[in-house]
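The values are calculated or read from the model by the stated rules, or taken from the named source; none is laboratory data. This is a predicted model, so every value here is computed, not measured. Cβ sites come from the backbone with ideal geometry, for glycine too, and all protein chains shown count toward neighbours. Side chains included, ligands, DNA and RNA excluded: accessible areas come from the protein's heavy atoms. Shrake-Rupley method; radii C 1.70, N 1.55, O 1.52, S 1.80 Å.
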Amino acid sequence: MRVSIVRSLSILVPAFTALGAAAGASGLPLDHANPPRMVSVEHAEILMPAADDGVAKAFLIIWNGTETQTSLASVKSDAFASATIMRTLFTSDGNAAEPVDGPLAIPAHAELQMRAGGIHMILADPRAAITESDSLRLTLVFDDGRELEVSARVVPAPDLLTRHRHGGDDRGLD
């Protein structure tokens with residue numbers, strides 16, 4: 001009996017530890033040599049439109065360091081009336097996009113890299129004027145109900161977006 005209790009605890013303790021770690025979050029650069037065992041955001045940037053009639057686009061790098069798949073269901077922002085996760089159509093010239101249908105899966109030990117011409121977010125109808133010096137909060141909502149709040153850097157031009165290389169130099173140099 002005692003052996004089975006010890007064996008059960010040896011299984012349950014790591015499982016609860018993994019669940020607790022999965023609920024945490026970080027907005028800091030990821031240590032790729034020793035990645036966290038949780039869902040974290042490595043980069044969060046909002047590209048402001050060149051014209052007043054355009055919409056802002058957001059790009060995130062989300063790391064899932066857990067043992068299970070997680071799925072991004074939606075994104076909320078107090079700074080914008082709406083936030084929509086989009087995907088660029090493969091058959092387009094890179095400009096045609098549509099809303100993602102359903103939660104966006106992020107496999108275990110993998111990252112979701114949002115970028116122009118792929119998965120990205122459209123942020124529409126700003127509630128107030130936004131400047132380059134602003135840092136805006138985004139709330140990521142996962143399909144299991146967890147929420148992760150991150151601070152996104154406002155970027156005025158596409159060439160100033162971070163060029164992410166998992167485990168490499170993110171300074172934007174080619």
Inset, instruction - Might you check whether a residue that is under 16 Å from the mean Cα position of the chain (by Cα), crowded, with 16+ Cβ neighbours inside 10 Å and closer than 21 Å to ASP144 by Cβ occurs anywhere in region 46-58? - result: no
Inset, instruction - Return the total of residues in region 76-97 being open to solvent by 10 Å² or more (accessible area, probe 1.4 Å) and under 25 Å from ASP144 (Cβ atoms). - result: 9
Inset, instruction - Considering only residues that are assigned to a loop (DSSP other than H, G, I, E, B) and surrounded by 14 or more Cβ atoms within 10 Å (Cβ to Cβ), look in region 59-68 and name the one that is farthest from the chain's Cα centre (by Cα). - result: GLU67
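Listed here are the residues, each with its yes/no results for (1) at pLDDT below 95; (2) of a type outside the set (Lys, Arg).
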residue: VAL3; (1), (2): yes, yes
residue: ALA22; (1), (2): yes, yes
residue: GLY27; (1), (2): yes, yes
residue: HIS32; (1), (2): yes, yes
residue: ARG37; (1), (2): yes, no
residue: ALA51; (1), (2): yes, yes
residue: VAL55; (1), (2): yes, yes
residue: THR70; (1), (2): no, yes
Legend entry - Selection within region 127-154 - open to solvent by less than 50 Å² (accessible area, probe 1.4 Å) and assigned to a strand (DSSP E or B): LEU136, LEU138, THR139, LEU140, VAL141, PHE142, LEU148, VAL150, ALA152, VAL154
Legend entry - Residue match in region 75-89 (condition: within 12 Å of LEU60 (Cα to Cα), under 14 Å from the mean Cα position of the chain (by Cα) and modelled with pLDDT of 95 or more): yes
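One residue is enough: does region 69-88 have a residue meeting the conditions free of Cβ contacts under 8 Å to residues at least 40 places away in the same chain and under 14 Å from LEU138 (Cα atoms)? Break it down into steps so the answer makes sense when it comes.
At the first step, the residues of region 69-88 found to be free of Cβ contacts under 8 Å to residues at least 40 places away in the same chain are 69, 85-88.
Within this subset, residues satisfying the condition of being under 14 Å from LEU138 (Cα atoms) are 85.
Checked region 69-88: at least one residue is free of Cβ contacts under 8 Å to residues at least 40 places away in the same chain and under 14 Å from LEU138 (Cα atoms).
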Inset, instruction - Tell me, yes or no, whether region 110-126 has at least one residue that is more than 22 Å from THR162 (Cβ to Cβ) and part of a loop (DSSP other than H, G, I, E, B). - result: no
Inset, instruction - Return yes or no: is ASP159 surrounded by 15 or more Cβ atoms within 10 Å (Cβ to Cβ), at pLDDT below 90 and more than 13 Å from LEU60 (Cβ to Cβ)? - result: no
Inset, instruction - Give me the pairs, please: first residue somewhere in region 125-140 and in contact (Cβ under 8 Å) with a residue 24 or more places away in the chain and hydroxyl-bearing (Ser, Thr, Tyr), second residue anywhere and open to solvent by less than 40 Å² (accessible area, probe 1.4 Å) and assigned to a loop (DSSP other than H, G, I, E, B), beta-carbon distance under 9 Å, and either six or more positions apart or on two chains. - result: THR139/SER77
